[in-house]
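**Q** My questions will all concern the structure given below.
The numbers here are math on the coordinates, done by the rules we state, and not lab data. Nothing here was measured: the structure is a model prediction, and the numbers come from that model. For neighbour counting, all protein chains shown are included, and Cβ atoms are generated from backbone atoms with ideal geometry for every residue, glycine included.
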Amino acid sequence: MNLPVQTEGLTKRYGGLTAVQDLNLTVRAGEVYGFLGPNGAGKTTTLRMLLGLVRPTAGTVRLLGRPPGAGRLTGVGALIEGPAFYPYLSGRDNLRVLARYAGVGADRVALVLDLVDLTDRAGDRYAGYSLGMKQRLGVAGALLKDPRLLILDEPTNGLDPAGMADMRTLIRRLGAAGCTVLVSSHLLGEVEQICDRVGVISGGRLIAEGTVAELRGTAGLRVLADPLDEAVARTRALVGAERVRVVDGGLELALAPDRAAWLNTELVGAGLAVRELRPRERDLEQVFFDLIEKGTADVA
Amino acid sequence: MSRSLHAELVKLVRRPASWLLLAITLALALIFTYLFPYASIAGGTDGPNTDRTLPMLLPDHLVGNSLGGLPVFLGAIVLILGVLTVGGEYGWATWKTVLTQGPSRLEVYAGKLLALAAAALAVVLAVFAVGAVASVLIAVAESQPVHWPGLGDLLTGIGAGWLIATMWAMLGAVLAVALRAVALPVGLGLVWMLAVQNLLAAIAAPLLDWVAQAQKGLPGPNAGSLAAALGAPGDTPGVAATVGGGQAAVIVAAYLVAFAAVGGVLLRRRDIG
């Protein structure tokens, strides 16, 4: 089966600067894949190479199983580095022009305008649009071809909180409908909410890839119990000293959350007052910064 | 290709700047080819344009009068149109928007060039039409007979005008691709057409033989020679029979093709920023 996105050894150099290095990226059919990285990490350059806007220095790209060449973007929709349209045309006329290039019928224009909730203002000139409206028109343009693969570069940029929520809903809906979505972002919460898998890029290299849960690593437990000294001693005796850390007046345990009831019974049975016992997950933001730091150190 | 052409024509026709440029073209053609010379003749003043006599403003001189502006000042406006049509995609960063819809770079570029060629024809036809009306009005006002050029001359003139205008449009297009912008290509194009060409012709060529020889291979003097061969007034800036009409037509056509090809090669090879 053809993978929607597959790159091998993808590299882009600008003179002495390596923007993307030996990138092997795989996006599976039907998944929403988050492409995470700080500004300047190489996300947009990678997406531009996928779409043929930038020529790789080395490596190969296949979209929907097709190599570069005529027709490679059939079934692929994209919004790269912010929306860009003709300011003297209305939103609707901009999409009609794009529909001509794409070879799709004018009926798709009305449909995608409705999808991004822009029908009421579609007759206004693009120059008068707010940033959020421009962004939504950009997404509408990306959806014109009813794509099987949608590549979105920072799609919630410029949107207000309600617009961001709508965009996330739209992406999830497209994913649920079988459309493969590759979405780049530096907003961790956004990626966490909508993505099945995540790739983290830093310094042009893919430094981690997996589900959000996999990236977070093993979950644990946090316990607040009195008296603390006895709780520490008892817990270390129960699960092993190496699995227990004292943090901020409580205990952090490297223990599966489904052992919480057992632990509670043991601690209460030992006469300890358990005030709080809850699953503890690594904060994705912390995971991200750890990865970036590690990636930077590896490159150095 | 036809999809790209249609999209480009829509953009060109709906763009206010296109109509503004057409209006300026027609106003310049009308004012400098008919209005000022006629005002001079009607007022009986001896202006510097002493070659322009009443018979030269009548309909049978329509071809030459319509072509006279194309080697320099009307050509400069068509060059601006070429820059705007191609360079606008850089200015608004819309190359990525267009190309991610699926057409190849060369498809889009070819659509643009064909749209420019159509626009150049429309400009030339409009200049001829405005000239026809103006010359008829002068003939009626001066009680002169109205004699039109033959159909063959008219078609040859329109063809030559289209060739010259399209060449300048292609120069605008290639400058826009090469410099990936709008302002700088317009500036450089106008400096070349309005300043450098005139300096070469008026100052350098009379002093240096090799410059005079080199002029015979440059686009401006060949456009001027083609216009001159078809009756454009010799006192119009840029109009001079430096080479024969046939040779001029071939060289103008060669420049047209070369500008278009170089732009295509550059666009195909470079990254879209």
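**Q** For the condition touching a strand residue (DSSP E or B) at 6+ places or on another chain (Cβ under 9 Å), in contact (Cβ under 8 Å) with a residue 40 or more places away in the chain and within 11 Å of chain B (Cβ to nearest Cβ), what is the one hit in A:Leu79, A:Leu95, A:Leu137?
**A** Answer to the check: A:Leu79.
**Q** Hey, does the range B:40-47 have a residue that's more than 14 Å from every other protein chain (Cβ to nearest Cβ) and under 23 Å from the mean Cα position of the chain (by Cα)?
**A** As a first pass, look at the range B:40-47 and keep what is more than 14 Å from every other protein chain (Cβ to nearest Cβ): B:40-47.
Right, trim to under 23 Å from the mean Cα position of the chain (by Cα) and you get none.
No, the conditions are met nowhere in the range B:40-47.
**Q** Of the numbered conditions (1) more than 14 Å from chain B (Cβ to nearest Cβ); (2) crowded, with 23+ Cβ neighbours inside 10 Å; (3) aliphatic (A, V, I, L, M); (4) in contact (Cβ under 8 Å) with a residue 60 or more places away in the chain, A:Met167 satisfies every one except a single condition; which is it?
**A** The failed condition is (4).
**Q** Which condition does A:Ala213 not pass, out of (1) surrounded by fewer than 22 Cβ atoms within 10 Å (Cβ to Cβ); (2) among the aliphatic types (A, V, I, L, M); (3) not in a helix (DSSP H, G or I), if it passes all the others?
**A** (3)
**Q** Identify all residues within the range A:42-58 that are outside any loop (DSSP other than H, G, I, E, B), under 23 Å from A:Ser185 (Cβ atoms) and not charged (D, E, K, R); write none if there are none. Break it down stepwise before answering.
**A** Just the residues of the range A:42-58 that are outside any loop (DSSP other than H, G, I, E, B), to begin with: A:43-50, A:58.
Then keep just the ones that are under 23 Å from A:Ser185 (Cβ atoms); that gives A:43-50.
A:Thr44, A:Thr45, A:Thr46, A:Leu47, A:Met49, A:Leu50 - these are the residues of the range A:42-58 that are outside any loop (DSSP other than H, G, I, E, B), under 23 Å from A:Ser185 (Cβ atoms) and not charged (D, E, K, R).
**Q** Of all the residues that make up the range A:63-76, how many are more than 8 Å from chain B (Cβ to nearest Cβ) and assigned to a loop (DSSP other than H, G, I, E, B)?
**A** Counting residues in the range A:63-76 that are more than 8 Å from chain B (Cβ to nearest Cβ) and assigned to a loop (DSSP other than H, G, I, E, B) gives 7.
Residue by residue, here is whether (1) at positive phi; (2) crowded, with 18+ Cβ neighbours inside 10 Å; (3) over 9 Å from the mean Cα position of the chain (by Cα) holds:
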site: A:His186; (1), (2), (3): no, no, no
site: A:Val191; (1), (2), (3): no, yes, no
site: A:Glu230; (1), (2), (3): no, no, yes
site: A:Ala233; (1), (2), (3): no, no, yes
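**Q** Quick one: count up the residues across the range A:98-132 that are facing chain B (nearest Cβ under 8 Å), under 18 Å from B:Ala93 (Cβ atoms) and touching a residue at least 40 places away in the same chain (Cβ under 8 Å).
**A** Number satisfying all stated conditions: 1.
**Q** Return the residue satisfying two criteria in turn: it lies in the range A:82-92 and is under 26 Å from A:Lys43 (Cα atoms) and free of Cβ contacts under 8 Å to residues at least 60 places away in the same chain, and of such residues it is nearest to the other protein chains (Cβ to nearest Cβ).
**A** Among those residues, the one meeting the criterion is A:Ala84.
**Q** Could you give every pair whose Cβ atoms fall below 8 Å, whose first residue belongs to the range B:88-117 and is closer than 27 Å to A:Arg136 by Cα and at the interface with chain A (Cβ under 8 Å from one of its Cβ atoms), and whose second residue is polar (S, T, N, Q) and buried (at least 22 other Cβ atoms within 10 Å of the Cβ), counting only separations of at least 6 or pairs across chains?
**A** These pairs meet every condition: B:Pro103/B:Ser4; B:Val108/B:Ser4.
**Q** Continuing with the same structure: Of the residues B:Ala248, B:Ala232, B:Ala241, which is in a helix (DSSP H, G or I) and away from every other protein chain (no Cβ under 14 Å)?
**A** Numbers: B:Ala232 fails: in a helix (DSSP H, G or I); B:Ala241 fails: in a helix (DSSP H, G or I).
The conditions single out B:Ala248.
**Q** Inspect the range A:24-37 for any residue being of a type in the set (Ser, Thr, Tyr), farther than 29 Å from A:Asp290 by Cβ and in a strand (DSSP E or B) and give the result as yes or no.
**A** no
**Q** Tell me which of these A:Leu53 doesn't satisfy, since it passes every other one: (1) within 14 Å of chain B (Cβ to nearest Cβ); (2) under 16 Å from A:Leu152 (Cβ atoms); (3) within 20 Å of the chain's Cα centre (by Cα).
**A** So A:Leu53 meets the others, but not (3).
**Q** Considering the range A:116-159 alone, what residues qualify as being of a type in the set (A, V, I, L, M) and more than 23 Å from the chain's Cα centre (by Cα)? Walk me through it before giving the result.
**A** We begin by selecting, within the range A:116-159, every residue of a type in the set (A, V, I, L, M); these are A:116, A:118, A:122, A:127, A:131, A:133, A:137, A:139-140, A:142-144, A:149-152, A:159.
A:Leu118, A:Ala122, A:Ala127 - these are the residues of the range A:116-159 that are of a type in the set (A, V, I, L, M) and more than 23 Å from the chain's Cα centre (by Cα).
**Q** Could you tell me which of the residues B:Ala181, B:Ala139 is among the small types (Gly, Ala, Ser), on the phi < 0 side of the Ramachandran plot and part of a helix (DSSP H, G or I)?
**A** B:Ala139
**Q** Now, a different point. May I ask you to list the residues in the range B:106-135 that are surrounded by 16 or more Cβ atoms within 10 Å (Cβ to Cβ) and closer than 15 Å to B:Val63 by Cα?
**A** The answer is B:Leu121, B:Val123, B:Val124, B:Ala126, B:Val127, B:Phe128, B:Val130, B:Gly131, B:Ala132, B:Ala134, B:Ser135.
**Q** Which of the numbered conditions does B:Trp19 fail, given that it passes all the others? Conditions: (1) in contact with a Pro (Cβ under 6 Å, 6 or more places away or on another chain); (2) within 14 Å of another protein chain (Cβ to nearest Cβ).
**A** Tallying (1) in contact with a Pro (Cβ under 6 Å, 6 or more places away or on another chain); (2) within 14 Å of another protein chain (Cβ to nearest Cβ), B:Trp19 fails exactly one: (1).
**Q** Take the residues in the range B:1-16 that are facing chain A (nearest Cβ under 8 Å), in a helix (DSSP H, G or I) and among the charged types (D, E, K, R), then tell me which one is nearest to A:Ala102 (Cα to Cα).
**A** For the range B:1-16, the residue satisfying everything is B:Arg3.
**Q** For the range A:114-153, give me each residue that is buried (at least 19 other Cβ atoms within 10 Å of the Cβ) and among the hydroxyl-bearing types (Ser, Thr, Tyr).
**A** A:Tyr126, A:Tyr129
**Q** Out of the residues in the range A:140-162 that are assigned to a helix (DSSP H, G or I) and touching a Gly at 6+ places or on another chain (Cβ under 6 Å), which is nearest to the other protein chains (Cβ to nearest Cβ)?
**A** A:Ala142
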